Amino acid sequence: MSENRNTLSKQFLQFLPDNAVLTHNEDLHPYECDGLSAYRQVPLVVVIPETIEHIVRIVNICRKTNTPIVCRGAGTSVSGGALPLENGVLLSLAKFNRILNIDPVNRLACVQPGVRNLAISQATQSYGLYYAPDPSSQIACSIGGNVAENAGGVHCLKYGLTVHNILQLKIVTIEGELLTLGGSGLDGPGYDLLALLTGSEGMLGIIVEIVVKLLPVPECASVVLAAFDEIEHAGNAVTEIIASGIIPAGLEMMDRHATRAAEEYVHAGYPDNAAAILLCELDGIKEEVSAQISQVKDILLKHRAVQTRIAKDEVERQLLWAGRKGAFPAVVRLAPDYYCMDGTIPRRKLAFVLNRISELSEEYQLAIANVFHAGDGNLHPLILYDANKPGELHRSEELGGKILELCLEVGGTITGEHGVGVEKLNQMCVQFDTLELSQFHAIKHAFDPDELLNPGKAVPSLHRCAELGAMHVHEGKLPFPDIERF
Amino acid sequence: MQTSIDKLIKLTQPGQEADAILRKCVHCGFCNATCPTYQLLGDELDGPRGRIYLIKQALEGNAVTRKTQTHLDRCLNCLACETTCPSGVEYHRLLDIGRNWVDQHVQRSAYDNVRRKLLRGILPYKRRFHFLLSLGQMMSFILPDAVKRAIPARQIRSPWPDKQHQRKMLVLDGCVQPSLAPNINTATARVLAALGISLVKADKAGCCGAVSWHLSAPEEARVFMRQNIDAWWPFIEAGIEAIVMTASGCGSVVKEYGAYLADDKNYAQKARRVSELTKDISEILVNEDLSFFNNTIKNIGKPQRVAFHAPCTLQHGQKITGVVETILQQAGYELTHVPDAHLCCGSAGTYSILQKDLSQQLLINKLKSLENDHPDVIVTMNIGCLNHLASGANTKVLHVVELLEKGLRQGKSLN
């Protein structure tokens with residue numbers, strides 16, 4: 001291993017400075033995990049290139065030496081997408097942090113992959129423009145990572161996911177070629193490879209440049225907060241808001257635990273005794289917003305909201321969202337560690353699913369805080385545990401698996417916006433059958449025949465599913481019966 | 001985050017405290033987003049999350065070398081990360097513990113040792129610093145440009161108001177400020193006098209202890225802290241209303257005296273009292289009626305456009321935000337737009353001397369954003385920032401109270 005490390009680093013050092021090639025354990029450890037710190041692996045080498053030329057040279061060296069590559073942006077993934085490999089190079093894109101061009105007339109910006117999501121909106125603010133997808137970690141997460149995971153966010157209910165908000169990608173393939181996918185138009189001839197690359201979790205190519213769409217900042221945005229004594233009432237209100245034909249810019253729910261933690265963080269004045277709170281944002285022109293706000297307020301009250309409050313100004317609106325966006329890390333105010341799930345369910349199943357989750361929480365003796373993109377059915381149950389207590393992580397993982405399977409059971413899916421990474425590999429086996437997974441592998445091989453780009457993530461091997469299937473015999477049927485068991 | 005602190009370290013008080021802080025960190029990475037050195041260097045190891053991890057590694061009993069020390073040294077201690085952290089990680093305490101541990105186990109170079117000792121031996125001592133500064137001011141013609149820029153011109157000290165008011169407050173004179181900019185405290189006394197408050201000094205008080213504290217000499221720092229407490233105690237007993245800080249860097253340390261001396265039987269209680277009484281000058285002014293200033297400014301004519309640089313020790317250390325802006329607006333000034341106002345200017349105590357390259361890059365970026373909207377004057381609240389900004393600014397840099405006092409004087413001369 002150390003021989004490999006030395007040979008590789010010597011080759012990298014021919015074109016990278018000393019401080020851009022990390023090989024000592026002391027330096028490597030802080031790179032052993034991303035935002036999902038329960039999974040850790042010290043990489044063989046960390047490289048921090050600065051130019052596309054550097055990346056091409058790194059890729060060529062790795063291909064020739066059969067060394068896998070894991071890309072890392074801001075290291076904020078909560079599915080372990082940037083978890084390093086023991087025998088692999090961790091390629092940091094942190095220095096690709098420049099906005100290359102802002103084109104206000106065509107409402108687009110060309111950015112490097114390490115640019116923070118929020119930095120795009122800040123830089124385009126003076127043109128009255130912004131980049132719509134806003135994952136809760138938008139202050140820190142990088143746009144390259146957003147593309148790799150097809151990130152969503154609070155406002156994707158109205159404005160779509162990352163895939164709906166980018167126009168063009170430049171990628172470096174494992175062959176060391178620079179490809180441009182997509183273009184400045186809305187549709188191009190041929191297969192939509194841009195969409196294929198979005199959400200491909202670093203498995204198909206290394207994203208080195210992104211053209212994002214910008215939207216005009218809405219003339220007016222207003223948020224209403226509502227508190228409910230029962231989660232079911234909140235769920236019904238959500239269903240009716242959507243059914244009434246309103247498309248809120250964001251429609252979010254937090255349960256009691258999550259609200260309490262968020263309140264301690266931002267002091268936004270969230271009600272502390274409500275079973276659930278809803279945050280509903282409307283944006284557009286003033287007349288439209290004020291009409292819709294009163295319509296939404298009526299619906300909320302009809303569904304027994306015990307309290308409603310409309311943010312009086314921009315400062316209060318930002319504060320109400322800041323609490324919601326910081327809710328994940330803020331829950332450590334309740335327990336030392338959390339394990340964040342990311343399932344999606346049909347909205348009408350909300351009350352049922354939340355009740356089941358609370359039963360599972362009892363069963364596993366682990367508290368769960370729920371943060372929920374209610375408008376589009378994307379659940380984020382946060383399982384609270386203590387990593388220093390032996391066995392708790394394992395129990396959390398098991399409980400998490402059960403929650404995702406519950407999502408599938410009600411007709412949902414195992415990921416809404418966080419990607420599969422290493423975290424949801426087992427549940428991929430439940431959601432897809434052998435044929436589907438084989439097609440995923442075939443796509444991977446078309447781009448990366450030797451499986452050097454982020455291997456082992458996102459799509460489970462058929463053997464893994466077979467092994468798992470052996471443990472999960474459902475209704476007497478053995479999943480993946482065609483695969484040899486060990 | 002999971003931890004397995006070395007058994008022996010965990011028996012100690014700092015070991016337990018560090019463990020508790022580390023357990024709060026969830027490794028979300030929000031902190032990197034607002035870290036000035038991570039923005040410049042793009043290496044996980046030069047951001048708070050990486051430093052936290054390095055400290056964790058060290059306290060878990062792994063070997064540490066100069067590598068870890070270098071990354072910890074590069075931290076400005078600006079605490080923008082603490083403001084950003086949703087999990088409430090007390091990074092500054094962890095950094096103190098981590099730095100002390102690493103400095104005890106990793107030998108510094110002779111050059112580094114000499115520089116750090118010199119800083120500790122000069123800056124906190126008013127007379128030594130005054131002597132060297134005066135020498136520098138006299139001999140500036142032979143000094144290289146870079147050094148010359150960092151030496152401000154000698155100020156003629158304006159008189160301290162002598163009228164006695166019922167309300168009395170104590171002011172910390174500090175260590176370098178009386179030599180670099182003696183008029184800040186004089187201006188404070190005059191501004192407060194105009195509001196009916198007498199400002200008094202305790203002659204025996206000196207450096208707040210920040211220099212030693214941040215250079216991993218906590219015991220030496222505690223000596224300064226006790227000296228100040230002794231110097232202030234008679235005034236506190238006599239009923240002064242507050243201990244006023246005109247340098248937010250000192251304020252952020254004095255407000256922690258209670259925590260830093262918590263284990264000192266003889267001083268713990270007094271230290272807590274001192275911390276309670278300590279107020280940044282902005283916290284005093286914002287509660288007073290400033291319409292008098294506003295009227296004065298109005299009489300002068302067009303309002304001055306002011307760019308405010310919020311020192312890290314004010315906005316992140318003491319969490320005082322929006323207060324100075326309110327004061328300036330109430331006093332009739334127009335604030336200009338300052339992008340990236342949360343970022344450090346690179347002064348950061350002794351950082352501008354020990355990490356010159358990074359410090360200068362941060363200064364360039366900061367001046368660009370401060371001068372972006374063409375202000376008439378830049379104002380700040382900390383002597384370190386003030387001097388650092390002035391060394392490169394094309395715009396005049398003042399302390400906020402100097403600006404207010406100038407307004408008063410101009411108003412008087414008009415009348």
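One table, with the values for the structure above:
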{"quantity": "A:Val238, sole failed condition from (1) out of contact with any Ser or Thr (no Cβ under 9 Å at 6 or more places or on another chain); (2) part of a strand (DSSP E or B)", "calculated": "(2)"}
{"quantity": "Search result, residues across the range B:39-50 that are more than 8 Å from chain A (Cβ to nearest Cβ), buried (at least 23 other Cβ atoms within 10 Å of the Cβ) and part of a helix (DSSP H, G or I)", "calculated": "B:Asp46, B:Pro48"}
{"quantity": "Filtered residues of the range B:54-66 (kept if touching a residue at least 24 places away in the same chain (Cβ under 8 Å) and either in contact with a strand residue (DSSP E or B) (Cβ under 8 Å, 6 or more places away or on another chain) or under 16 Å from B:Ile21 (Cβ atoms) (or both))", "calculated": "B:Leu54, B:Ile55, B:Lys56, B:Ala58, B:Leu59, B:Glu60"}
{"quantity": "When residues of the range A:427-447 are limited to those that are at pLDDT 90 or above and either within 14 Å of another protein chain (Cβ to nearest Cβ) or buried (at least 21 other Cβ atoms within 10 Å of the Cβ) (or both), the one farthest from A:Gly343 (Cα to Cα)", "calculated": "A:Cys429"}
{"quantity": "Answer residue from the range A:84-112, given it is part of a loop (DSSP other than H, G, I, E, B) and away from chain B (no Cβ under 12 Å) and is surrounded by the fewest Cβ atoms within 10 Å (Cβ to Cβ) among those", "calculated": "A:Val105"}
{"quantity": "Matching residues, the range A:69-83, being in a loop (DSSP other than H, G, I, E, B) and either within 11 Å of chain B (Cβ to nearest Cβ) or under 16 Å from A:Pro49 (Cβ atoms) (or both)", "calculated": "A:Gly73, A:Ala74, A:Gly75, A:Thr76, A:Ser77, A:Val78, A:Ala82"}
{"quantity": "All helices (runs of 4 or more DSSP H) inside the range B:352-415 with 1 or more residues being closer than 16 Å to B:Ser282 by Cβ", "calculated": "B:383-390, B:400-414"}
{"quantity": "Test: A:Asp134 is of a type in the set (Asp, Glu) and within 23 Å of A:Ser77 (Cβ to Cβ)", "calculated": "yes"}
{"quantity": "Members of the range A:3-19 that are touching a residue at least 40 places away in the same chain (Cβ under 8 Å) and either assigned to a helix (DSSP H, G or I) or within 14 Å of chain B (Cβ to nearest Cβ) (or both)", "calculated": "A:Asn4, A:Arg5, A:Thr7, A:Leu8, A:Gln11, A:Phe12"}
{"quantity": "In the range A:337-367, residue farthest from the other protein chains (Cβ to nearest Cβ) [restricted to those that are of a type in the set (A, V, I, L, M), closer than 21 Å to A:Leu251 by Cβ and in contact (Cβ under 8 Å) with a residue 60 or more places away in the chain]", "calculated": "A:Ala351"}
{"quantity": "Filter pass, A:Ser136 being more than 13 Å from every other protein chain (Cβ to nearest Cβ), part of a loop (DSSP other than H, G, I, E, B) and in contact (Cβ under 8 Å) with a residue 24 or more places away in the chain", "calculated": "no"}
{"quantity": "Residues satisfying the stated conditions in the range A:253-283, i.e. under 22 Å from A:Lys325 (Cβ atoms), more than 14 Å from chain B (Cβ to nearest Cβ) and either surrounded by fewer than 22 Cβ atoms within 10 Å (Cβ to Cβ) or in contact with a His (Cβ under 9 Å, 6 or more places away or on another chain) (or both)", "calculated": "A:Met253, A:Arg256, A:His257, A:Gly269, A:Pro271, A:Asp272, A:Ala275, A:Ala276, A:Glu281, A:Asp283"}
{"quantity": "Residue that is nearest to A:Val89 (Cα to Cα), among those in the range A:20-67 that are in a loop (DSSP other than H, G, I, E, B) and polar (S, T, N, Q)", "calculated": "A:Thr67"}
{"quantity": "Search result, residues across the range A:284-300 that are within 19 Å of A:Glu252 (Cα to Cα) and free of Cβ contacts under 8 Å to residues at least 12 places away in the same chain", "calculated": "A:Ser294, A:Asp298"}
{"quantity": "Answer residue from the range B:20-38, given it is outside any loop (DSSP other than H, G, I, E, B) and at the interface with another protein chain (Cβ under 7 Å from one of its Cβ atoms) and is nearest to A:Leu118 (Cα to Cα) among those", "calculated": "B:Ala33"}
{"quantity": "Search result, residues across the range A:115-128 that are in a strand (DSSP E or B) and over 19 Å from B:Asp340 (Cβ atoms)", "calculated": "none"}
{"quantity": "Residue, surrounded by the fewest Cβ atoms within 10 Å (Cβ to Cβ), within the range B:63-80, restricted to residues that are assigned to a helix (DSSP H, G or I) and more than 11 Å from every other protein chain (Cβ to nearest Cβ)", "calculated": "B:Asp73"}
{"quantity": "B:Thr83 being assigned to a helix (DSSP H, G or I), within 23 Å of A:Val78 (Cβ to Cβ) and more than 9 Å from every other protein chain (Cβ to nearest Cβ)", "calculated": "yes"}
{"quantity": "Flag for A:Ala119 being modelled with pLDDT of 95 or more and touching an Asp or Glu at 6+ places or on another chain (Cβ under 6 Å)", "calculated": "no"}
{"quantity": "Every pair of residues 6+ apart whose Cβ atoms lie under 8 Å, when the first sits in the range A:24-52 and is within 16 Å of A:Gly421 (Cβ to Cβ) and at the interface with chain B (Cβ under 8 Å from one of its Cβ atoms) while the second is surrounded by fewer than 23 Cβ atoms within 10 Å (Cβ to Cβ) and hydroxyl-bearing (Ser, Thr, Tyr)", "calculated": "A:Cys33/A:Tyr39"}
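One line per residue, one yes/no per condition, for (1) of a type in the set (Phe, Trp, Tyr); (2) assigned by TED's automatic domain parsing to the domain that holds B:His316; (3) surrounded by fewer than 24 Cβ atoms within 10 Å (Cβ to Cβ):
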site	(1), (2), (3)
B:Pro14	no, no, yes
B:Phe30	yes, no, no
B:Ala58	no, no, no
B:Gly61	no, no, yes
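Here's the yes/no breakdown for (1) in a loop (DSSP other than H, G, I, E, B); (2) touching a Lys or Arg at 6+ places or on another chain (Cβ under 8 Å); (3) among the basic types (Lys, Arg):
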| site | (1), (2), (3) |
| --- | --- |
| B:Pro234 | no, no, no |
| B:Ile240 | yes, yes, no |
| B:Lys265 | yes, no, yes |
| B:Gln269 | no, no, no |
| B:Ser275 | no, yes, no |
| B:Thr313 | no, no, no |
| B:Glu325 | no, no, no |
| B:Gly332 | yes, yes, no |
| B:Val338 | yes, no, no |
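Residue-wise test of (1) in contact with a strand residue (DSSP E or B) (Cβ under 9 Å, 6 or more places away or on another chain); (2) on the phi > 0 side of the Ramachandran plot.
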residue: B:Arg149; (1), (2): no, no
residue: B:Ile184; (1), (2): yes, no
residue: B:Gly196; (1), (2): yes, yes
residue: B:Lys201; (1), (2): yes, no
residue: B:Ile229; (1), (2): no, no
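The values are calculated or read from the model by the stated rules, or taken from the named source; none is laboratory data. Note that the coordinates shown come from a computational prediction; the quantities given were computed from them, not determined experimentally. Please note: Cβ atoms are built from the backbone with ideal geometry, for glycine as well, and neighbour counts cover all protein chains shown.
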